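A short worksheet on the structure shown next.
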Amino acid sequence: MAENVTVLRGQPVVNEDDVAGSVLMPGLALVGAGTVLAGAAAIARFSLERDELGQGVLDAYASGDVVKTGTFHQGHRVLAWIPSGATITADDEVVADAAGMMETLGTGTGTVLGRALDTITATADGHIRIEVG
């Protein structure tokens with residue numbers, strides 16, 4: 001996948017109110033900037049890349065960095081992470097795992113964040129496009 005941005009469609013509400021509590025990548029589902037989503041999300045909130053600094057989706061935030069986040073709404077599209085070994089099929093409902101990566105509703109538990117737009121079997125941690133639902 002060639003995208004180097006997290007926001008693929010829509011204009012999420014963006015803020016920089018939090019500081020990373022650990023190293024994290026753009027495209028992880030969050031409850032707070034330093035805390036990845038652990039299954040039960042009320043909103044679709046993802047860490048974003050620092051494009052204004054010339055950074056892309058593969059440039060990690062270090063612990064203590066100010067994190068740019070986006071709150072996504074229904075119909076928005078986001079480039080999210082999928083863990084190595086996971087298989088997601090297009091149109092599967094996705095939730096966040098304990099690391100903030102996407103997994104199918106049947107595999108994980110928690111609030112559905114959206115649906116997969118791609119069919120992927122990840123051989124390494126990688127990206128998947130999702131539409132927030």
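The values are calculated or read from the model by the stated rules, or taken from the named source; none is laboratory data. Bear in mind the structure is a predicted one, so any value in this text is a computation, not a measurement. Here the Cβ positions follow ideal geometry from the backbone for every residue, glycine too, while neighbour counts run over all protein chains shown.
Only one residue in A29, A41, A20 is surrounded by 14 or more Cβ atoms within 10 Å (Cβ to Cβ), under 18 Å from A99 (Cβ atoms), among the hydrophobic types (A, V, I, L, M, F, W, C) and modelled with pLDDT under 85. Which one? Working first, answer last.
Values: A29 fails: modelled with pLDDT under 85; A20 fails: modelled with pLDDT under 85.
Among A29, A41, A20, only A41 is surrounded by 14 or more Cβ atoms within 10 Å (Cβ to Cβ), under 18 Å from A99 (Cβ atoms), among the hydrophobic types (A, V, I, L, M, F, W, C) and modelled with pLDDT under 85.
Restricting the first residue to the stretch 1-23 and requiring it to be under 17 Å from R50 (Cβ atoms) and of a type in the set (G, A, S), which pairs with a second residue that is at pLDDT 90 or above and not in a loop (DSSP other than H, G, I, E, B) meet a Cβ separation below 6 Å and a spacing of at least six or different chains?
Listed by first residue and then by second, the contacts come to A20/Y61; A20/V67.
Do we find a residue being among the charged types (D, E, K, R) and surrounded by fewer than 13 Cβ atoms within 10 Å (Cβ to Cβ) anywhere in the stretch 76-91? Lay out the reasoning, then the answer.
Within the stretch 76-91, the subset among the charged types (D, E, K, R) is 77, 91.
Right, trim to surrounded by fewer than 13 Cβ atoms within 10 Å (Cβ to Cβ) and you get 91.
Checking the stretch 76-91: at least one residue is among the charged types (D, E, K, R) and surrounded by fewer than 13 Cβ atoms within 10 Å (Cβ to Cβ).
Considering each of T71, T123, T119 in turn, give the residue that is in the same structural domain as M25 (by TED's automatic domain parsing), among the polar types (S, T, N, Q) and surrounded by fewer than 18 Cβ atoms within 10 Å (Cβ to Cβ). Break it down into steps so the answer makes sense when it comes.
Details: T123 fails: in the same structural domain as M25 (by TED's automatic domain parsing); T119 fails: in the same structural domain as M25 (by TED's automatic domain parsing).
That would be T71, the only listed residue that is in the same structural domain as M25 (by TED's automatic domain parsing), among the polar types (S, T, N, Q) and surrounded by fewer than 18 Cβ atoms within 10 Å (Cβ to Cβ).
Hey, does the stretch 44-52 have a residue that's touching a Leu at 6+ places or on another chain (Cβ under 9 Å), assigned by TED's automatic domain parsing to the domain that holds L28 and in contact (Cβ under 8 Å) with a residue 60 or more places away in the chain? Please lay out each step first, then the result.
Step one: of the stretch 44-52, the residues touching a Leu at 6+ places or on another chain (Cβ under 9 Å) are 44-47, 49.
From what's left, assigned by TED's automatic domain parsing to the domain that holds L28: 44-47, 49.
In the following step, the residues that additionally are in contact (Cβ under 8 Å) with a residue 60 or more places away in the chain were identified as 44.
Scanning the stretch 44-52 turns up at least one residue that is touching a Leu at 6+ places or on another chain (Cβ under 9 Å), assigned by TED's automatic domain parsing to the domain that holds L28 and in contact (Cβ under 8 Å) with a residue 60 or more places away in the chain.
Examine the stretch 83-97 for a residue that is outside any loop (DSSP other than H, G, I, E, B), assigned by TED's automatic domain parsing to the domain that holds D118 and small (G, A, S), and state whether such a residue exists.
Of all residues in the stretch 83-97, those outside any loop (DSSP other than H, G, I, E, B) come to 87-88, 93-96.
Keeping just the survivors that are assigned by TED's automatic domain parsing to the domain that holds D118 gives 87-88, 93-96.
With small (G, A, S) added as a condition, the list becomes 96.
Yes: one or more hits.
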